[in-house]
1. Which condition number in (1) part of a strand (DSSP E or B); (2) surrounded by fewer than 17 Cβ atoms within 10 Å (Cβ to Cβ); (3) touching a residue at least 40 places away in the same chain (Cβ under 8 Å) is the one that GLY169 fails?
2. If a residue must be in contact with a Gly (Cβ under 8 Å, 6 or more places away or on another chain), in contact (Cβ under 8 Å) with a residue 40 or more places away in the chain and assigned to a strand (DSSP E or B), how many such residues does the range 178-195 contain?
3. Identify, by number, the condition in (1) assigned to a strand (DSSP E or B); (2) modelled with pLDDT under 95 that GLU217 doesn't meet.
4. What single numbered condition from (1) polar (S, T, N, Q); (2) at pLDDT 95 or above; (3) outside any strand (DSSP E or B) fails to hold for SER154?
5. Identify, please: which residue in the range 50-69 is without any contact (Cβ under 8 Å) to a residue 40 or more places away in the chain and either part of a strand (DSSP E or B) or crowded, with 18+ Cβ neighbours inside 10 Å (or both) and is, among those, farthest from the chain's Cα centre (by Cα)?
6. Which of the numbered conditions does ILE201 fail, given that it passes all the others? Conditions: (1) farther than 23 Å from ASN74 by Cβ; (2) in contact with a Phe, Trp or Tyr (Cβ under 9 Å, 6 or more places away or on another chain).
7. Has the range 245-253 got any residue that is in contact (Cβ under 8 Å) with a residue 60 or more places away in the chain and in contact with a Lys or Arg (Cβ under 9 Å, 6 or more places away or on another chain)?
8. Do we have VAL39 as under 30 Å from ALA170 (Cβ atoms) and assigned by TED's automatic domain parsing to the domain that holds PHE199 here?
Amino acid sequence: MDSKKIAFVATDSEAAATALARLEQRYPHVPPEEAEMVVALGGDGFMLETLHRFMTRKVPIYGMNRGSVGFLMNVYREHGLMERLARAQTVTLHPLRMKARDSDGGEVDALAINEVSLLRETRQAAKLRIRIDGKVRIDELVCDGILVATPAGSTAYNLSAHGPIVPLGAGILALTPISAFRPRRWRGALLPHTATLVFEILESGKRPVSAVADYTEVRDVVEVCVREDRSIGLTLMFDPEHNLEERIIAEQFVP
């Protein structure tokens with residue numbers, strides 16, 4: 001592990017900035033652009049930013065929690081960091097690729113590690129048509145929105161919207177409506193990770209909808225295509241006693 005070039009990055013909170021200064025004083029480090037491994041200091045939001053930032057570099061990311069929830073982070077400790085990195089377990093995540101077309105004909109391509117969500121922009125409910133692998137599955141869904149979540153993202157917005165928690169390695173995506181009005185009893189679906197989803201926005205002029213891939217938002221969309229991009233692999237590192245798979249399982253038994 002000593003031969004690895006390590007960089008520290010941190011969010012702009014006081015706790016993270018203090019941790020960054022102490023760790024950089026204590027351990028050898030290089031600038032982020034030269035790193036072979038990155039230690040991220042912050043919360044889950046900052047971890048998502050860091051994964052996006054280093055996506056093309058394909059360097060493993062080890063997070064330490066200096067934020068609030070910290071589901072994707074390890075416990076913060078200053079001592080023994082090199083030993084922790086040496087015995088850390090890795091998990092590979094594949095992001096969702098969103099291709100959104102707006103009302104002006106513009107197209108935006110973005111990646112999401114947690115989820116792609118479609119959300120109504122006004123007081124009026126959205127109307128959506130859903131195609132999966134070319135077949136119409138719901139001709140008209142009236143709702144506040146809908147989201148497609150990865151297993152890693154299934155415990156985030158998806159869980160808050162009463163979607164299912166998906167274990168890592170299950171090869172499944174969660175499709176979860178947000179406040180569905182019609183069909184009223186529809187609660188979503190579990191889909192194979194190979195599925196291609198196309199959302200057509202009905203009455204888009206009257207009922208505008210935005211599409212969000214993690215933190216990339218496209219306003220006034222008319223069609224959104226979502227699929228998993230397995231050509232991209234993101235590597236996260238976790239302490240063996242707090243690995244991500246165990247956290248996702250444990251989350252299902254929280255009282």
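The values are calculated or read from the model by the stated rules, or taken from the named source; none is laboratory data. For clarity, every value in this text was computed on a predicted model and none was experimentally measured. Using ideal geometry, Cβ is built from the backbone for each residue, glycine included, and neighbour counts are taken over all protein chains shown.
1. (1)
2. The total comes to 1.
3. Result: GLU217 passes all but (2).
4. Condition not satisfied by SER154: (2).
5. Here the residue is ASN65.
6. (2)
7. no
8. no
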